[in-house]
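In what follows, a structure is listed as structure tokens, so that the remarks can point back to it.
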Amino acid sequence: QVQLVESGGGLVQTGGSLRLSCEASGRTFSRADMAWFRQGPGKERVFVAAIRSDGRITYAESVKGRFTISRDNAKNTVSLQMNDLKPDDTAVYYCAGGYGISWNIMYPSAYTYWGQGTQVTVSS
């Protein structure tokens with residue numbers, strides 16, 4: 001069993017920055033593929049960014065150049081640095097983890113473990 005706990009959400013103005021963190025406990029974190037998803041009001045949960053166990057990174061087009069995903073295997077954490085935030089980034093952000101994920105890295109169904117979510121609100 002893997003438990004994921006997010007932190008770092010909040011309220012920020014357009015153009016501001018936030019850093020989200022996700023701490024994992026349980027199975028070997030270093031072998032897990034980790035990702036961030038978000039779900040806006042009345043919308044489906046969508047992919048934001050992923051970092052595989054081997055370090056390869058994938059971003060959604062909407063966040064490229066603004067968001068940076070990273071991981072620290074020694075601390076069992078994955079982070080999402082969000083810069084130049086826009087009102088459209090307002091959502092609940094979820095940390096997700098799984099093992100051996102391949103072509104479906106951007107699909108929620110590929111992930112076994114989920115955090116409880118953290119709210120990010122960007123005011124205009």
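The values are calculated or read from the model by the stated rules, or taken from the named source; none is laboratory data. Note that the structure is predicted; figures quoted are calculated from it, not measured. Here the Cβ is made from the backbone with ideal geometry for all residues, glycine too, and neighbour counts use every protein chain on show. Remember, those area values only see protein heavy atoms, side chains included, never the ligands or the DNA or RNA. Shrake-Rupley method; radii C 1.70, N 1.55, O 1.52, S 1.80 Å.
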Accessible surface of the chain [probe 1.4 Å, protein heavy atoms]: carbon and sulfur percent: 47
Sites Asn73 and Thr112, calculated FRET efficiency, Cβ-Cβ separation with R0 22 Å, nearest 0.05: 0.75
Anchor Lys86: lysines whose Cα lies under 24 Å away (excluding residues fewer than 8 positions away in-chain): Lys43, Lys64
Share antiparallel - DSSP beta bridges, the chain, percent rounded to 5: 90
Extension gain from Ser7 to Ile57, taking 0.36 nm per residue of separation minus the Cα-Cα distance: 15.9 nm
Pairwise FRET efficiency - Lys43 versus Trp103, Cβ, R0 = 25 Å, nearest 0.05: 0.55
Estimated translational D of the chain in µm²/s (Stokes, Kirkwood radius over Cα pairs; 10 °C; 1.306 mPa s): 112
Semi-axis lengths, Å, segment 38-97, gyration tensor of Cα atoms, sqrt of 5 times eigenvalues: 21, 13, 11
Modelled FRET efficiency - R0 35 Å, Ser30 with Lys86, Cβ distances, 0.05 increments: 0.60
Solvent exposure of the chain as accessible area per residue, Å², 1.4 Å probe: 51
Net +/- balance of residues flanking Gly9 in space, Cβ distance below 12 Å, scoring K and R +1, D and E -1: 0
